[in-house]
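First up is the structure itself, then whatever we jot down about it.
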Amino acid sequence: MSDTVELARSVLAAERTGLEHLERLLESPEFERSVDLLYRSRRIIVSGVGKSGLIAQRIAASFRSTATPAFFLHPTEAIHGDLGLIADGDVALLFSKSGESEELTRLLPLFHRISVPIVAVVGRSDSELARVADITLSLGRIEEAGPLKLVPTTSGTLFHVLGDLFVTCLYVRRGITENELAFLHPGGLIGAQATLQVRDLMHSGEALPRISQEASLREAVVEIIDKRLGVTTVVDEAGLLTGILTDGDLRRIVHRYGRIDGLRLADVMTSHPRTIDGGALVASAVERMENNPKGPITCLVVIDADGRPEGIIHLHDCLRLKPERSAR
C-alpha cells in the first residue's frame with residue numbers, strides 16, 4: 001500500500017471516529033432541545049469565524065433552500081451595523097471549535113441584550129461560548145485528521161454533518177414535500193416570500209373571530225360579519241378550540257331549518273376543524289386546504305401548543321403571493 005493511500009485511510013479513520021462522537025451527542029437532550037428551539041424560531045442566524053464561517057454560510061443556504069428562514073451573519077460586519085438585521089423571534093446558531101473566537105464572543109452580550117437565544121456548537125464545553133449559550137452542543141475533544149493538527153479537517157466534517165442533521169430535522173418537522181419545494185422556489189413564490197410562515201399571514205389578535213360555544217347562533221353570525229373572514233372559531237370555557245362556524249354552514253342551516261332562533265351553536269358548528277401550526281410554511285397551508293379529505297377548504301385555524309386558536313389563515317391571502325403571469 002502506498003504512503004498516499006495509507007495517509008488517506010488514516011484521515012478517513014480519524015473522521016469516522018469523530019462521527020461516532022457526534023452520534024453519541026444525538027443521545028443527549030440538548031440535541032432535541034436545540035432542534036425544538038430552531039423550529040420555533042422566526043429565523044435562524046448562522047455564524048462562525050474562518051473555516052467555521054464558511055461552513056456556517058453553507059448551512060444557512062441549506063436551511064433556506066429547504067424552506068427554513070435563515071441567513072449568515074458575519075461576526076465582524078455584525079458589530080459594524082449588521083446587527084440591525086436581527087429581529088424579535090430570531091435564534092443564533094454559532095459554530096466554533098475553540099468556543100473562544102474573539103469575533104464571536106464579542107457578539108454574545110449583544111445577542112443577550114436583544115433577547116436572541118444562542119445554540120452553540122463547540123469542541124470545548126468549558127469555553128466562553130459554551131458557558132454563555134442557552135443550549136450547548138459540545139463535540140468534545142476533536143482529533144483533526146492528518147499530521148498538521150491546526151488544519152481543520154474532522155471538526156469541519158462534524159460541523160457540516162451536524163448542520164445537515166438540523167436542516168433535515170427541520171424540513172421533516174415542517175412536513176415539506178417535493179411539491180411544496182416546487183411551490184416555494186422561483187417557479188412559485190419568489191425572493192423573501194419563499195420562506196413566509198403561516199404566522200406571517202394569519203389574522204390574529206382583534207382580527208381573529210372567536211366566540212364561546214355557549215353563545216347564541218345569532219351572536220356567532222354577528223362575529224362572522226364583524227370580522228369579515230366568513231368564519232368564526234368556537235371555544236370552550238378554557239379557550240380551547242372546539243369547532244368553527246362558516247358562512248357556508250349558515251346557508252345550510254337556513255336552508256334546513258328556515259330560521260336560526262333557538263338553535264344551539266354547539267349543535268350546528270363544524271367540530272374538529274382543520275388546523276395548522278403558526279410555524280408551518282404558507283405552502284403547507286395551501287396544500288392542506290387544497291388536499292382536504294372531504295374536499296378543498298378556504299381557511300385553517302392556527303392553534304398554539306395547548307389547542308387555543310391564535311389565528312386564521314385564508315387561502316386568498318396565500319394565493320396572493322403567487323407571482324403574476326406576464327401577458328403573452
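Residue pairs whose Cβ atoms lie under 6 Å apart, separated by 6 or more positions or on different chains, with the first residue in segment 275-302 and assigned by TED's automatic domain parsing to the domain that holds R228 and the second among the hydroxyl-bearing types (S, T, Y), are V301/T233; V301/T275. For segment 256-277, taking the residues that are touching a strand residue (DSSP E or B) at 6+ places or on another chain (Cβ under 6 Å) and buried (at least 20 other Cβ atoms within 10 Å of the Cβ), the one that is nearest to Q213 (Cα to Cα) is identified as M269.
Yes or no: E103 touching a Ser or Thr at 6+ places or on another chain (Cβ under 9 Å), among the acidic types (D, E), surrounded by fewer than 21 Cβ atoms within 10 Å (Cβ to Cβ) and more than 23 Å from F31 (Cβ to Cβ)? For E103, the condition - touching a Ser or Thr at 6+ places or on another chain (Cβ under 9 Å), among the acidic types (D, E), surrounded by fewer than 21 Cβ atoms within 10 Å (Cβ to Cβ) and more than 23 Å from F31 (Cβ to Cβ) - is met. Meeting the requirement of 2 or more residues that are polar (S, T, N, Q), the helices (runs of 4 or more DSSP H) wholly within segment 1-71 are 3-25, 51-65. Scanning segment 81-110 for residues that are assigned to a loop (DSSP other than H, G, I, E, B) and either free of Cβ contacts under 8 Å to residues at least 24 places away in the same chain or in contact with a Cys (Cβ under 8 Å, 6 or more places away or on another chain) (or both) yields one hit, G81. Say we look at segment 210-241 and pick out the residues that are of a type in the set (S, T, N, Q) and closer than 13 Å to V268 by Cβ; which of these is surrounded by the fewest Cβ atoms within 10 Å (Cβ to Cβ)? Checked segment 210-241; the qualifying residue surrounded by the fewest Cβ atoms within 10 Å (Cβ to Cβ) is S216.
What number of residues within segment 111-130 are in a helix (DSSP H, G or I) and buried (at least 23 other Cβ atoms within 10 Å of the Cβ)?
Looking only at segment 111-130, we keep the residues that are in a helix (DSSP H, G or I), and these are 111-113, 128-130.
From what's left, buried (at least 23 other Cβ atoms within 10 Å of the Cβ): 111, 129.
Residues in segment 111-130 being in a helix (DSSP H, G or I) and buried (at least 23 other Cβ atoms within 10 Å of the Cβ): 2 in total.
Taken over segment 131-167, the residue count meeting the criterion of being free of Cβ contacts under 8 Å to residues at least 24 places away in the same chain and in a helix (DSSP H, G or I) is 1. Here T76 does not fit the description of being β-branched (V, I, T) and either in contact (Cβ under 8 Å) with a residue 60 or more places away in the chain or within 17 Å of F159 (Cβ to Cβ) (or both).
Residues are listed down the side, and each one gets a yes or a no for (1) over 21 Å from I59 (Cβ atoms); (2) more than 23 Å from the chain's Cα centre (by Cα); (3) modelled with pLDDT of 85 or more:
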position	(1), (2), (3)
I86	no, no, yes
A92	no, no, yes
S138	no, yes, yes
V151	no, yes, no
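In the set (1) assigned to a loop (DSSP other than H, G, I, E, B); (2) more than 30 Å from Y171 (Cα to Cα), H255 fails one condition alone, (1).
The values are calculated or read from the model by the stated rules, or taken from the named source; none is laboratory data. The shown structure was predicted, so the numbers you read here are calculated from the model rather than taken from an experiment. Cβ coordinates were reconstructed from backbone atoms using ideal geometry, including for glycine residues, and neighbour counts include every protein chain displayed.
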